[in-house]
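This report concerns only the one structure given below.
The values are calculated or read from the model by the stated rules, or taken from the named source; none is laboratory data. All figures in this text were calculated on a predicted structure; none of them were measured in a lab. We place every Cβ from the backbone using ideal geometry, glycine too, and count neighbours over all the protein chains shown.
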Amino acid sequence: MKKNLRTIRKGITILISAMMLTSCATGYTSAIVGGEYNIKKDVTEYFVLPYGSVSIPGEWTKTTYNSNARQQFFTNKDSVIISIAFGRYNKYEFNRDGKLKGIDFLNAFYKWEADYFASSGYSSTILETDTEKQYILYHIYRDKTDNYFLIREMNGNVSNYSIHVAKDWSESQKTEFLKGLLEQH
């Protein structure tokens, strides 16, 4: 019996060591993703640990996930569509070396995003920059496309909130909703 236990322990130790070495070799960080609607608080919790978390007011349902942008899309009963993405500041192609932080990162992010959308005929406008809370709120638009984004970098973690469809919301409601997400986490 003791010999079997030693063999099992040895096997588990080898397995754990192999997993740790593989994790270190690939340079990836594991993330825990989850969340659900909290009926008592009337918020939908969403988290991607260790990168970020948010409490979205009301009940929202997860829909699609864009793995390239790390965006999780949500919709509510009024067919409003939002997306949320969490990640590290050095995972963006314009900042692989991690030199840009804070407002410098945010300005570079906005330029990178605005250039991308401009290449497809979209216009963009910065609506608000807050250096204290470390975010930029901006608007991407063309014809029937009317998207609002709030990007924040804090301690190397990037939070990207956006509203894609909110037909009955005014610009003020959209921007206040996005800024409210910062207060919720």
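For this structure, a couple of remarks:
- The range 127-185: number of residues that are over 29 Å from G98 (Cβ atoms), surrounded by fewer than 16 Cβ atoms within 10 Å (Cβ to Cβ) and among the basic types (K, R): 3
- Within the range 39-74, tally of residues that are closer than 22 Å to E113 by Cβ and charged (D, E, K, R): 1
- In the range 78-99, of all residues being part of a helix (DSSP H, G or I) and in contact with a strand residue (DSSP E or B) (Cβ under 9 Å, 6 or more places away or on another chain), the one that is surrounded by the most Cβ atoms within 10 Å (Cβ to Cβ) corresponds to Y89.
- The lone criterion from (1) more than 17 Å from the chain's Cα centre (by Cα); (2) closer than 16 Å to V158 by Cβ left unmet by A85 is number (1).
- Test for D115: is it free of Cβ contacts under 8 Å to residues at least 24 places away in the same chain, surrounded by 12 or more Cβ atoms within 10 Å (Cβ to Cβ) and assigned by TED's automatic domain parsing to the domain that holds F177: no
- Every residue from the range 91-125 that is of a type in the set (V, I, T) and more than 19 Å from the chain's Cα centre (by Cα): T125
- Qualifying residue in the range 20-34 (condition: of a type outside the set (V, I, T), at pLDDT below 90 and over 23 Å from N157 (Cα atoms)): yes
- Qualifying residue in the range 156-163 (condition: at negative phi, assigned to a strand (DSSP E or B) and more than 17 Å from the chain's Cα centre (by Cα)): no
- The residues of the range 51-61 that are in contact (Cβ under 8 Å) with a residue 24 or more places away in the chain and out of contact with any Phe, Trp or Tyr (no Cβ under 6 Å at 6 or more places or on another chain), listed by number, are S55, I56, P57.
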